[in-house]
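Down below is the structure, laid out as structure tokens.
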Amino acid sequence: MLLKQKKIISLVFLNLIGTLITFAQTNEIYNKIQIEPISKSPIKDSKLSFGEIFNEAKALLYFSDFWVEGRIGLKFYSLDNWNSGKIETMDDRTHGNIGWYLSKDCELVFGTQYYKMIPGTYMNAYEDALPDGRWGKTGASYINTKLKDIYGLSFGINIPIQDEIFTSTNYFKINGSVVYESPLNLNIGSAIYTDLYNDFSIANFISSNQGNPFTWMLGYTYNGTGIDGKTPATHYFDSTMNLKTKKFLTSTDIEIGYNDDLNTNPMYLGLLGIYYPIPEIQAKCSILYNVSNINDYSESQNTLFIYPRFIFTISNNDISIGPEFTIVDMPNSSSQLGFSFPIYWKHSL
């Protein structure tokens with residue numbers, strides 16, 4: 001029922017966007033399509049085949065008193081070597097949001113997937129924000145930055161869409177954040193989640209100002225789910241660093257989890273390098289390594305992801321070409337190699 005409500009709300013917002021584009025003061029509109037003409041999953045005896053096709057369309061429009069956003073993602077794939085195909089909506093890339101400016105310092109947002117990010121929680125090599133460092137998502141969010149110019153403080157609160165609340169397994173959920181931005185180029189923030197009963201999570205971060213050539217972040221999360229948003233641990237420790245010059249960008253990530261009641265310590269390491277021979281071309285390589293349990297490597301499932309590619313910018317178009325390699329390593333069995341060659345084209349208006 002909840003999923004159906006999300007899709008209905010998303011479609012309503014997407015239809016509104018088509019009407020409102022001509023009246024917007026500023027906007028961000030793009031369409032991105034990605035094709036995998038060659039793909040092989042990292043499963044034993046799997047074969048090369050035509051991979052999946054993704055399409056994502058987004059519009060974000062700003063007006064004097066409000067803004068509206070809509071995004072829809074579609075995936076085309078096959079389970080029988082393309083004897084027949086399937087199409088499905090990608091829930092993580094489909095949403096609709098609308099926000100009202102109650103004043104120049106306060107904002108009220110309703111939507112199906114609306115995130116705010118604690119400063120510094122963007123993991124540079126992973127190229128996404130830590131799930132535990134974000135707050136918002138579904139339902140209603142209230143953002144207040146009134147104290148930001150005076151004391152560097154801002155805060156927000158989110159009431160998610162509630163599903164069967166006040167039952168033996170579901171309670172009234174709430175999350176939010178508090179952020180302090182120091183004049184000394186330091187940011188300190190916390191994201192909090194609770195169901196006001198037995199589930200509580202808090203993520204704390206300190207980071208440097210993102211305007212500097214060298215940025216860094218140190219974070220600690222109690223009762224979080226890690227960078228993938230799926231692997232729970234009692235304690236998570238995170239760090240990321242980013243160094244950018246005119247021609248180069250280098251980034252490193254590290255995350256280690258620890259469980260009080262289980263002998264499991266998940267770990268993630270990430271490296272990213274970008275070379276800009278000219279502004280219109282990027283030579284880019286990502287190396288990401290996940291270990292499910294560093295305490296027992298012999299039983300751990302370990303995944304190494306390597307993605308070198310070239311990105312070309314031509315007018316309002318970004319084109320990316322390069323191979324992806326995925327190595328799934330189980331020490332007690334043979335490693336399996338996955339391969340794909342994604343090509344994506346993003347056109348912005």
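Results, tabulated for the structure shown:
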| quantity | calculated |
| --- | --- |
| Bins of 10 Å from zero: percent of alpha-carbon pairs in segment 216-257 | 28, 41, 21, 10, 0 |
| Within segment 194-208, backbone nitrogen closer than 20 Å to the virtual label 7 Å beyond the Cα of Tyr151 toward Cβ | 204-207 |
| Summed side-chain charge close to Asn265 - residues other than Asn265 whose Cβ falls under 12 Å, Lys, Arg +1, Asp, Glu -1 | -3 |
| Euclidean distance of C-alpha centroids, segment 127-175 and segment 67-82, integer Å | 27 |
| Eligible aspartates and glutamates near Lys104 by straight Cα distance, threshold 18 Å, same-chain separation 8 or greater | Asp65, Asp149 |
| Cα-based reach from Lys137 at 19 Å (exclusive), listing lysines while leaving out same-chain residues under 8 positions away | Lys4, Lys6, Lys7, Lys58, Lys116, Lys173, Lys230 |
| Projected label distance in nm at Asn295 and Ile254, using a 7 Å step from Cα toward the beta-carbon | 2.0 |
| Rg/Rh (Cα only; Kirkwood hydrodynamic radius) as it applies to the chain | 0.96 |
| Over segment 89-207, equivalent-ellipsoid semi-axes from the Cα gyration tensor in Å | 24, 17, 16 |
| Reduced Cα scattering model of segment 293-349, Debye log10 I(q)/I(0), q = 0.12, 0.14, 0.15, 0.16 Å⁻¹ | -0.46, -0.55, -0.59, -0.62 |
| For segment 41-87: rounded, prolate or oblate by the Cα gyration tensor [a/c cutoff 1.5] | prolate |
| Members of Lys47/Lys86; Lys75/Lys346; Lys148/Lys284 lying beyond 27 Å, as alpha-carbon distances in this model show | Lys148/Lys284 |
| Surface per residue (accessible, 1.4 Å probe) for the chain, Å² | 55 |
| Cleavage-rule hits (chymotrypsin sites (Phe, Trp or Tyr not before Pro)) in segment 182-219: DSSP loop, at most 14 neighbouring Cβ within 10 angstrom | Tyr197 |
| Asp80 accessible area, assembled protein chains, probe 1.4 Å, Å² | 60 |
| Efficiency of FRET between Phe166 and Glu28 - r from beta-carbon atoms, R0 41 angstrom, step 0.05 | 0.55 |
| Charge sum, other residues only, whose C-beta stays under 15 Å from Lys146's C-beta, Lys/Arg counted +1 and Asp/Glu -1 | -2 |
| Spin-label model distance (nm) - Ile274 vs Ile327, 7 Å beyond Cα toward Cβ | 2.6 |
| DSSP-loop GluC sites (Glu not before Pro) across segment 105-197, with at most 12 other Cβ within 10 angstrom | Glu164 |
| Exposure ranking of Met217, Met330, Met267, Met117 by accessible area [1.4 Å probe, largest first] | Met117, Met330, Met267, Met217 |
| Percentage relative contact order, the chain, counting C-alpha pairs under 8 Å, at least six apart | 13 |
| Along the chain, longest interval not containing exposed trypsin sites (Lys or Arg not before Pro), exposed being DSSP loop plus at most 13 other Cβ atoms within 10 Å | 105-229 |
| Span from the segment 292-317 Cα centroid across to the segment 199-250 one, whole angstrom | 17 |
| Computed [θ] at 222 nm, deg cm²/dmol, the chain (DSSP H ≥ 4; -39,500 (n - 2.57); rounded to nearest 500) | -2000 deg cm²/dmol |
| Sorted peptide list for 166-172, 221-227, 61-67, criterion being average Cβ within 10 angstrom, highest first | 221-227, 61-67, 166-172 |
| Thr234 versus Leu337: modelled label distance in nm, points set 7 Å from Cα along the beta carbon direction | 4.2 |
| The chain, accessible surface, carbon-and-sulfur percent (1.4 angstrom probe) | 61 |
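The values are calculated or read from the model by the stated rules, or taken from the named source; none is laboratory data. Predicted model only: the values in this text are computed from it and were never measured. Don't worry about glycine lacking a Cβ; one is built from the backbone with ideal geometry, like all the others, and counts go over all protein chains shown. For the accessible areas, the whole protein counts, side chains as well, though only heavy atoms, and no ligand, DNA or RNA atoms are used. Shrake-Rupley method; radii C 1.70, N 1.55, O 1.52, S 1.80 Å.
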